[in-house]
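A short worksheet on the structure shown next.
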Amino acid sequence: MEISSSAVTGAMRIGVQVVSSDRLAVLEIYHQVRNRFGTEFESEIPKKASSEETIKQKTRLQDILIEVSLVNIGGSRAENINLAISGDLRRNLPRESSGDLFDVIIPQLAPGQSRFLFKFDEFDLNEYPEGGGTPTGIKNESFTIHIEYDSGIGIINWLISRWSKLRGRRRFHDEYAFFPKLVTGELPPAGYAP
């Protein structure tokens, strides 16, 4: 199994952050723009419109997408993680859902561990006329991911978090906002499948 250089760089960045961070759990949402070219394939196309003679052409399909991931960059395990999403930015039909990890309790996320949430394809960020056709521009909508979680088990964590638990809340709260203009502009360097 081959690991891409961007995955190794991202993992090293997370590892450095975990080593240098304090002892609490810190959850972050990251988005990453990917510019990938698939495996090369060969197809035969007619040499001329009226000819039976064909030529072979090699092609790679380009895939531009935005990956959204949850990462624990802290030095402790995060527990009882609850993710909720609000806002009106959605993927285009038929993939409107943002995934199965929202509005459920994720039991734990270890330090340095990441969890893929969902992806936006390039066409999901564009507005289209009602009947379909060419895009009319970039969507103006946005979404916000709300994160609530507790830190790992321990006497000090239990003492500090008991007031939050008495109110029926988790100890840590954070938000991540995303809108399509964050990722417009030049594409990152292309990655090629073997």
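The values are calculated or read from the model by the stated rules, or taken from the named source; none is laboratory data. Please read all numbers here as calculations on a predicted model, not as lab measurements. Please note: Cβ atoms are built from the backbone with ideal geometry, for glycine as well, and neighbour counts cover all protein chains shown. Ligands, DNA and RNA are excluded from the accessible area calculation, which covers all protein heavy atoms including side chains. Shrake-Rupley method; radii C 1.70, N 1.55, O 1.52, S 1.80 Å.
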Exercise. Hey, could you check segment 108-136 for residues that are open to solvent by 90 Å² or more (accessible area, probe 1.4 Å) and part of a strand (DSSP E or B) and say which is farthest from Arg171 (Cα to Cα)?
Key: Phe116
Exercise. Look at Ser51 and say whether it is within 23 Å of Ile105 (Cβ to Cβ), modelled with pLDDT under 85 and open to solvent by less than 70 Å² (accessible area, probe 1.4 Å).
Key: no
Self-check item: Selection count where residues are open to solvent by 40 Å² or more (accessible area, probe 1.4 Å) and among the aliphatic types (A, V, I, L, M), scope segment 60-82
Solution: 1
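Starting from residues that are at pLDDT below 65 and aliphatic (A, V, I, L, M), keep the ones in segment 137-156 and report whichever is surrounded by the most Cβ atoms within 10 Å (Cβ to Cβ).
We begin by selecting, within segment 137-156, every residue at pLDDT below 65; these are 154-156.
Filter once more, keeping what is aliphatic (A, V, I, L, M): 155-156.
Numbers: Ile155: 7, Ile156: 9.
Filtering segment 137-156 for residues that are at pLDDT below 65 and aliphatic (A, V, I, L, M), the one surrounded by the most Cβ atoms within 10 Å (Cβ to Cβ) comes out as Ile156.
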Quiz item: Among the residues of segment 36-48, is any aromatic (Phe, Trp, Tyr) and closer than 24 Å to Phe178 by Cα?
Solution: no
Quiz item: When residues of segment 54-68 are filtered for being within 23 Å of Gly185 (Cβ to Cβ), of a type outside the set (Asp, Glu) and in a strand (DSSP E or B), how many remain?
Solution: 5
Quiz item: If you go through segment 25-40, how many residues are loosely packed, with under 15 Cβ neighbours inside 10 Å and of a type outside the set (S, T, N, Q)?
Solution: 3
Self-check item: Selection from segment 113-137 of residues that are in contact with a helix residue (DSSP H, G or I) (Cβ under 9 Å, 6 or more places away or on another chain) and more than 29 Å from Glu28 (Cα to Cα)
Solution: Pro135
Quiz prompt | Residue among Leu159, Leu101 that is open to solvent by 30 Å² or more (accessible area, probe 1.4 Å), within 14 Å of the chain's Cα centre (by Cα) and modelled with pLDDT under 80 | solution = Leu101
Quiz item: All but one of (1) in contact with a Lys or Arg (Cβ under 8 Å, 6 or more places away or on another chain); (2) outside any strand (DSSP E or B); (3) touching a residue at least 24 places away in the same chain (Cβ under 8 Å); (4) open to solvent by 70 Å² or more (accessible area, probe 1.4 Å) hold for Glu96; which doesn't?
Solution: (3)
Self-check item: Any pair with Cβ under 9 angstrom, 6 or more apart, that starts in segment 177-194 at a residue that is among the basic types (Lys, Arg) and ends at one that is not in a loop (DSSP other than H, G, I, E, B)
Solution: Lys181/Ile138
